[in-house]
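Enquirer: One structure, as structure tokens, below. Some questions next.
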Amino acid sequence: MTRATAQPDQASSDASPAAPLRRLPLGSVTPRGWMQAQMLRDLEHGYAGRLDQLSPHVARDLYRERLAVATGHAGWWDAESRGNWLWGYTMLAHLGDSPSHRSRAAGLVADLRATQDDDGYIGIYSKDARFPAGAVENGELWAQSRALMVMLAHHELTGDAASLEAARRAADLTMRQYDDDRPHFGRASTQQDRTGLTHGLCYADALEMLFEITADDRYRRFAGWLLQDFDRWQVPFPNDDLAAANLSDPARSLRGHAVHTAEHLRAVAFGAARDTKRREAALRKLRFSATPSGAVNGDESLHGLPCPDAGYEYCTLTELLFSLGRLAQHGADATLGDWMERLAFNAAQGARTADGRSLAYLCSDTRRDAVASRPDSYSLLTGRHGRFKLSPTHDDVACCCNPNGTRLLPHYVASMWLVCSDAPGLVALGYGPSELTTQIDGNRVTIRQDTGYPFDDEIRFRVSVPVPVQMTLWLRRPAWVRSVKVIGVDVREQDGWIVVDRCWRDTTSFSVQFDVPVRAESYPAGEIAVLRGPLQFVQPIAHRVRPIEAGGRADWLDEELLPVDLGDIASATPMLDTSLGDLGLVVERDRTRDPDDPWSQPSLRLVRPGLTLLPLGCTALRRADFISR
């Protein structure tokens, strides 16, 4: 049966899916199509599959080596680099379905487990330096959390009980070290605390995952205590944006390290799960800093307005995407899925190369060049430039964004589906070629999305069950659609969701077709961005590549991007008539392009005489802002 679902069903008493929603274990959703192809390219040909061979900071194993003394905010950095890379690499190897990389990841995880002490400790310090040592900020909980996330991801992806047991023993030991009399944040703050100590709030990442796997409430309670400990620290202190005292002040702008602010969002969501006002206040402030591409502006620190050329960090993109997926579990908010898609399909793709060989530590919506000499807010402190160029490591600044880049697409895939907690049901938060395998009421359910989304406007679902299953599907209705047509099943619309409530038998196929307008959104100074569906469209600027030798890597050079013709930069900004339907632009499709490589071979563009716009993620240099008339 076909029904156009233009209006909500006012007769229904049901609301949106009841929170909290439950996360599905890693591996429940597997990518297909372009998403799997990109993961495999990143593993086989990109830096993701060999970052420990390219960067000495990732190769250095502080979990095995151990530091004899805490050396301040820089001492633990290599543990972050290695931990985040191994976490992302493990997810890529399994979700991308690469046997050779799965085997290698398993060996590296086993090596990590082998560093565990008899008392359960997994970390980077010798016995005399571990667990906060005086007034020195040593990144203890942050380094531990990265190791625990590696092992917990490996457990969910493989079922390996040894990884879970190692993570539990390590967490149990750590939790015994802290209480109200022995706080984590309970000392005078110094500028040395701007990184590792406040990163430690996201030890909650491991606690939340342990709670989900084991249902042991001790992990949830300790995450709540850790957040309370954070809130008790007297403001101001570095990276205090989401402290309770600051969130209660609506006039206080965000000003911390953007990565910390983005990651603390999920620590707040888990540690204060019932405090909806606090979550809403955090989201409201973050949205003020968001560009149309989905990024939160912050060329390291948060400041200024999200203008077209405002810098944003790749680490922030990854941490924000992960946090939005976590936040959706507590709020069942369909608009979080919209934000996730914008970020994953625009800012994240636009800051990396399609072949996965490098990325920009800092990027922007409008990018007229990508040169090492461009200053940023932290280069004024450190004297080191280089964040805006492209690199497979960024070792000269900090090898943090490249390891985190391996996590981004796996986090998106893992957040595409959630499980209802109050009744048999599944929630589709994000779309893309993929397959979900899970159980509802003990019965196996498989749901496949066949689509070229976000380049296609139609998603074809195939739901397969071996026995009849009564189940509700809540499919996100994107805020940008004009109307939705569903072919094959009866539906209703409610609160931003397309609802399919039925008894499913055998295999049921249906399609969801979005009517997608071209629309304009404003930047703070009045320029407009052009969007269609989740994709932002920009005017490409022809560029040339200038290689930069770095770290003796002859085959993996850093690169600068320069415009071929400076006239392209100096030319007048195109004007668009917002009174015209679709802004006077026409959609053109090229079905001959490789659907598994859409970011280097875009099949979709918007045109008018004298102007061609491509998806932001398909461009290197570009103009993202236009003038409205």
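Enquirer: Considering only residues of segment 577-629 that are assigned to a loop (DSSP other than H, G, I, E, B) and in contact with a Lys or Arg (Cβ under 6 Å, 6 or more places away or on another chain), which is surrounded by the most Cβ atoms within 10 Å (Cβ to Cβ)?
Expert: 585
Enquirer: Suppose we filter 369, 422, 365, 376 for residues that are in contact (Cβ under 8 Å) with a residue 12 or more places away in the chain and within 30 Å of residue 505 (Cα to Cα); which single one remains?
Expert: One residue alone meets the criteria, 422.
Enquirer: Is there a residue being under 13 Å from residue 144 (Cβ atoms), surrounded by fewer than 18 Cβ atoms within 10 Å (Cβ to Cβ) and either at pLDDT 95 or above or not β-branched (Val, Ile, Thr) (or both) anywhere in segment 180-200?
Expert: No - not one qualifying residue is present in segment 180-200.
Enquirer: I've got another one for you. Only residues that are surrounded by 11 or more Cβ atoms within 10 Å (Cβ to Cβ) and closer than 19 Å to residue 374 by Cβ: list them for segment 545-565, please.
Expert: Listed by number, the residues that qualify are 545, 546, 548, 550, 557, 558, 559, 560, 561, 562, 563, 564.
Enquirer: Please identify the pairs in which a residue from segment 229-253 that is in contact (Cβ under 8 Å) with a residue 60 or more places away in the chain has its Cβ atom under 8 Å from the Cβ atom of a residue that is among the polar types (S, T, N, Q), counting only partners at least 6 apart or on another chain.
Expert: Cβ pairs passing all conditions: 241/261.
Enquirer: Please specify each residue of segment 80-96 satisfying the condition of being open to solvent by 20 Å² or more (accessible area, probe 1.4 Å) and in contact with a strand residue (DSSP E or B) (Cβ under 7 Å, 6 or more places away or on another chain).
Expert: Within segment 80-96, none qualify.
Enquirer: Which residues, counting only those in segment 335-366, are of a type outside the set (Ser, Thr, Tyr), farther than 21 Å from residue 49 by Cα and either open to solvent by 10 Å² or more (accessible area, probe 1.4 Å) or assigned to a loop (DSSP other than H, G, I, E, B) (or both)?
Expert: Within segment 335-366, 338, 339, 342, 365 qualify.
Enquirer: I need a count of the residues in segment 279-325 that are free of Cβ contacts under 8 Å to residues at least 24 places away in the same chain and of a type in the set (Asp, Glu).
Expert: Adding up the residues that qualify gives 1.
Enquirer: Follow-up. Could you please tell me which pairs satisfy a Cβ distance under 9 Å, a separation of 6+ or placement on different chains, a first residue in segment 206-223 that is on the phi > 0 side of the Ramachandran plot and among the hydroxyl-bearing types (Ser, Thr, Tyr), and a second residue that is in a helix (DSSP H, G or I) and crowded, with 16+ Cβ neighbours inside 10 Å?
Expert: So the pair list comes out empty.
Enquirer: Pick from 281, 262, 244: which is surrounded by fewer than 24 Cβ atoms within 10 Å (Cβ to Cβ) and touching a Leu at 6+ places or on another chain (Cβ under 7 Å)?
Expert: Result: 281 is the single residue among 281, 262, 244 that is surrounded by fewer than 24 Cβ atoms within 10 Å (Cβ to Cβ) and touching a Leu at 6+ places or on another chain (Cβ under 7 Å).
Enquirer: Check residue 286 against each of (1) more than 22 Å from residue 298 (Cβ to Cβ); (2) open to solvent by less than 20 Å² (accessible area, probe 1.4 Å); (3) part of a helix (DSSP H, G or I); (4) not acidic (Asp, Glu) and name the one condition it does not meet.
Expert: Residue 286 satisfies every listed condition except (1).
Enquirer: Looking only at segment 265-277, which residues are closer than 21 Å to residue 337 by Cβ and open to solvent by 20 Å² or more (accessible area, probe 1.4 Å)?
Expert: Selection gives 273, 276.
Enquirer: Any residue in segment 492-515 that is within 29 Å of residue 466 (Cβ to Cβ), basic (Lys, Arg) and surrounded by 18 or more Cβ atoms within 10 Å (Cβ to Cβ)?
Expert: yes
Enquirer: Next up: How many residues are modelled with pLDDT under 95, open to solvent by 10 Å² or more (accessible area, probe 1.4 Å) and either in contact with a strand residue (DSSP E or B) (Cβ under 8 Å, 6 or more places away or on another chain) or outside any loop (DSSP other than H, G, I, E, B) (or both) if we restrict to segment 289-328?
Expert: Here the count works out to 2.
Enquirer: Give me the pairs, please: first residue somewhere in segment 572-585 and over 11 Å from residue 537 (Cβ atoms), second residue anywhere and assigned to a loop (DSSP other than H, G, I, E, B) and open to solvent by 40 Å² or more (accessible area, probe 1.4 Å), beta-carbon distance under 6 Å, and either six or more positions apart or on two chains.
Expert: Pairs that qualify, where the first residue is over 11 Å from residue 537 (Cβ atoms) and the partner is assigned to a loop (DSSP other than H, G, I, E, B) and open to solvent by 40 Å² or more (accessible area, probe 1.4 Å), are 575/629; 577/629.
Enquirer: Need at least 1 residues that are of a type in the set (Gly, Ala, Ser) and more than 19 Å from the chain's Cα centre (by Cα) per element, so show me which helices (runs of 4 or more DSSP H) inside segment 40-151 make the cut, counting only ones lying wholly within it.
Expert: So the answer is 56-59, 77-95, 99-113.
Enquirer: Is at least one residue of segment 134-148 among the β-branched types (Val, Ile, Thr) and at pLDDT below 95?
Expert: yes
Enquirer: Restricting to strands (runs of 3 or more DSSP E) lying wholly in segment 383-484: which have 1 or more residues that are over 22 Å from residue 42 (Cβ atoms) and open to solvent by 20 Å² or more (accessible area, probe 1.4 Å)?
Expert: 434-440, 443-450, 458-464, 469-476
Enquirer: Filter segment 520-544 down to the residues that are open to solvent by less than 40 Å² (accessible area, probe 1.4 Å) and either among the basic types (Lys, Arg) or over 30 Å from residue 570 (Cβ atoms) (or both) and list them by number.
Expert: Selection gives 532, 533, 534.
Enquirer: Does segment 534-553 hold any residues that are farther than 17 Å from residue 291 by Cβ and either touching a residue at least 24 places away in the same chain (Cβ under 8 Å) or out of contact with any strand residue (DSSP E or B) (no Cβ under 9 Å at 6 or more places or on another chain) (or both), and which are they?
Expert: The answer is 540, 541, 542, 543, 548, 550, 551, 552, 553.
The values are calculated or read from the model by the stated rules, or taken from the named source; none is laboratory data. Keep in mind it's a predicted model, so treat the numbers as computed, not measured. Quick reminder, even Gly has a Cβ in these numbers, built from the backbone with ideal geometry, and neighbours come from all protein chains shown. Surface areas here come from the heavy atoms of the whole protein model, side chains and all, with no ligands, DNA or RNA. Shrake-Rupley method; radii C 1.70, N 1.55, O 1.52, S 1.80 Å.
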